[in-house]
Amino acid sequence: MKIIADTGKCVGAGQCVLTDPDLFDQSEDDGTVIVLTPEPEGDEAEENARTAVHICPGQALSLA
Amino acid sequence: MTDVEETTATLPLVRKCPFSPPPEYEALRTENPVSRVGLPSGQTAWALTRLEDIREMLSSPHFSSDRLDPAFPMMVARQIRREDKPFRPSLISMDPPEHSRARRDVVGEFTVKRMKALQPRIQQIVDEHLDALLAGPKPADLVQALSLPVPSLVICELLGVPYSDHEFFQARSSKMLSREVSPEDRQAAFEQLENYLDELVTRKEANATEDDLLGRQILKQREAGEGDHDELVSLAFLLLIAGHETTANMISLGTVTLLENPEQLAKVKADPDKTLPAIEELLRVFTIAETATSRFATADVEIGGTLIRAGEGVVGLSNAGNHDPDGFENPDAFDIERGARHHVAFGFGVHQCLGQNLARMELQIVFDTLFKRIPGIRIAVPVDELQFKHDSTIYGLHALPVTW
């Protein structure tokens, strides 16, 4: 599993950071997503990545 | 209004039970999920009641949030504005790409990390208000003692309103939010608050510092060789109003709900990790700003199998969506263990609430501290005597008498 982030679509809501701060962070400047762990490993991390994709309001996240 | 057609209902539909959505939503969702409805403004619009349809509409680029456009579906009669002082669109009324630029300018102020940094100060404000509550007479009104002043003070400090002006600031905003004042008085409070923020921004422009949000925005604009006074005034106004009554009402509604569900409150008290999931569930169950998810179509577009034509208004009934059994199992149950975070209580798409993480932080500190410091707190009147805001755009409670 690989997390793909489109910062152009990101609205900086921070829902991904709330889901898993080990996978995601936000830019201090404009709040856009920073992927800390592009390839999450383990059931919990993968599940969190799926949740983050599902709830992202800007639909800026996807999985490959 | 030129439409002559059958509408299924006239919005807003009212909650019969204070803890549940209007009962008509279920019939609408199952029989007519994308239906024509009448609005108090005299307009006709589409109402969406399924979670997926609402999410799809809110994330589509073919819907506009421009509240100044005559096509925008209004839940109240359109406000008359003096010609010499036109409305300045705030973030909620802008569309991309203008909205994207304006939101990106300020969103860094509301990141999860930034909100975490505010935690000690919010804790201090909550503690001071609980000190005063405990030192005062019983019963006390929790709305006045805690729910309203905490978010108000926090947003005041974040924006950079001088402490000496605080009483003026709060008196006007309370008046604007009250149903007890006449429309003229409310309009006057609106203009006084706008003038106040206009002057505040002017003062800050003369002496901008990094200490507060407005000062930081001014410095940022200057660095970019720009300067938009009116945009800062409208931003300050939006942040004040949006960050104020919403959180206040969730504090009051959440307190009542947790007290009415002692087995779930016990779980929250026993495990601090349960507070945030409880807050998500409270947000979902109440969905207090449900018509903030209104838009109008800018192109012909199909939603939920229905063709919506350019220029037609759409009301995403987010409270109906948040009780859609296809999105949430057993949706009418209040269950803090649900773990469902895909609700649309903060909206969805590019306009999803800018201050949502501030709201979460405030609610978390308030609930954790309130039930720890006043474990014997209880509602001082029967719940059916509580005055819920059934006819307000933002749902909530007028007063919450508590004792301990």
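The values are calculated or read from the model by the stated rules, or taken from the named source; none is laboratory data. Since this is a predicted model, take the numbers as computed values, not measurements. Positions of Cβ are backbone-derived with ideal geometry, glycine not excepted, and every protein chain shown enters the neighbour counts. Ligands, DNA and RNA are stripped out before the accessible areas are found, and what is left, the full protein with its side chains, is counted by its heavy atoms. Shrake-Rupley method; radii C 1.70, N 1.55, O 1.52, S 1.80 Å.
This model, with +1 at the C-beta of Lys and Arg and -1 at the C-beta of Asp and Glu, gives the range B:125-246 a dipole about its Cα centre of some 260 debye. Between B:PHE190, B:PHE168, B:PHE328, the Gaussian network model of chain B with springs among Cα atoms under 10 angstrom shows the greatest mean-square fluctuation at B:PHE168. For chain B, with all protein chains in place and a probe radius of 1.4 Å, 52% of the accessible heavy-atom surface sits on carbon or sulfur. Modelled spin labels at B:GLU128 and B:LYS372, positioned 7 Å past Cα toward Cβ, are 1.9 nm from each other.
The accessible-area loss of the range A:32-64 on complex formation, taken against its chain alone with a 1.4 Å probe, reaches 30 Å² or more at A:HIS54, A:ILE55, A:PRO57, A:GLN59. Backbone amide hydrogens, once placed in the peptide plane, bring B:PHE63 within less than 5 Å of B:THR298, excluding anything fewer than 5 places away on its chain. Our helix-only sum for chain B, with -39,500 (n - 2.57) per DSSP H run of n ≥ 4 divided by its residues, gives a mean residue ellipticity at 222 nm of -14000 deg cm²/dmol. Chains A and B together bury roughly 1900 Å² of accessible area, counting both sides, with a 1.4 Å probe on protein heavy atoms only.
Whole-Hz Karplus values for the range B:323-334 come out as 10, 7, x, 6, x, 9, 5, 6, x, 7, 7, 8 Hz, taken residue by residue from phi with 6.51 cos²θ - 1.76 cosθ + 1.60 and θ = phi - 60°; glycine and proline positions read x.
A simple spin-label model places pseudo-atoms 7 Å from Cα toward Cβ; at B:ALA310 and B:THR8 they are separated by 2.7 nm.
Remark: relative contact order (chain A) = 46 percent; criterion is Cα-Cα distance under 8 angstrom and separation of 6 or more residues. With 0.36 nm allotted per residue and the present C-alpha distance subtracted, the B:ASP69-B:HIS229 stretch has 55.3 nm of extension available.
The phi-based Karplus calculation (6.51 cos²θ - 1.76 cosθ + 1.60; θ = phi - 60°) puts the 3J(HN,Hα) values of the range B:257-274 at 4, 5, 5, 7, 10, x, 5, 7, 4, 4, 5, 5, 5, 7, 9, x, 5, 8 Hz, whole numbers, x for Gly and Pro.
Selection among B:VAL350, B:ALA117, B:VAL161 by position relative to the dipole of the protein assembly as shown gives B:VAL161 as farthest towards the positive end (Cβ unit charges, Cα centre). For B:SER294, the amide hydrogen comes within under 5 Å of the amide hydrogens of B:GLY316, counting only partners 5 or more places away or on other chains and with H modelled in the peptide plane. What net charge do the residues around B:GLU302 carry, taking every other residue with its C-beta under 12 Å from that of B:GLU302, with Lys and Arg at +1 and Asp and Glu at -1? Summing Lys/Arg as +1 and Asp/Glu as -1 gives -2. If you average 1/r across every pair of different Cα atoms in the protein assembly as shown and take the reciprocal, what Kirkwood value do you get, in Å? Kirkwood hydrodynamic radius for the protein assembly as shown: 23.1 Å. Rounded to the nearest 20 debye, the dipole magnitude of the protein assembly as shown is 760 debye, with +1 charges on Lys and Arg beta carbons, -1 on Asp and Glu beta carbons, and the Cα centre as origin. Probing with 1.4 Å while keeping every protein chain in the model, the per residue accessible area of chain B equals 43 Å². At full extension, B:ASP198 and B:ALA171 could sit 8.0 nm farther apart than now, given 0.36 nm per residue minus the alpha carbon distance.
Computed about the Cα centre, the dipole magnitude for chain B is approximately 700 debye when only Lys and Arg (+1) and Asp and Glu (-1) carry charge, each at its Cβ. Since only B:LEU258, B:PRO331, B:ILE288 are under comparison, the one whose Cα sits farthest along the positive direction of the charge dipole of the range B:209-333, derived from C-beta charges on Lys, Arg, Asp and Glu, is B:LEU258. Sorted largest first, the spans of the alpha carbon positions of the range B:287-379 along the three principal axes are 56, 29, 23 Å. To the nearest 10 degrees, how steeply does helix A:43-55 sit against the main Cα axis of chain A, on a 0 to 90 scale? So the inclination is approximately 40 degrees. Rounded to the nearest whole Hz, the Karplus-based 3J(HN,Hα) values (6.51 cos²θ - 1.76 cosθ + 1.60, θ = phi - 60°) of the range B:20-28 follow the sequence 10, x, x, x, 5, 4, 5, 5, 4, with x at glycine and proline. Between amide H atoms placed 1.01 Å from N, distances below 5 Å from B:ILE308 occur with B:VAL301, B:GLU302, B:ILE303, all of them 5 or more places distant or on a separate chain. On the beta carbon distance between B:SER392 and B:ARG121, with R0 = 30 Å, the FRET formula returns roughly 0.55. Figure legend: label point modelled 7 angstrom from the Cα of B:LEU259 along Cα→Cβ; residues of the range B:112-146 with amide N under 13 Å from it are B:138-146.
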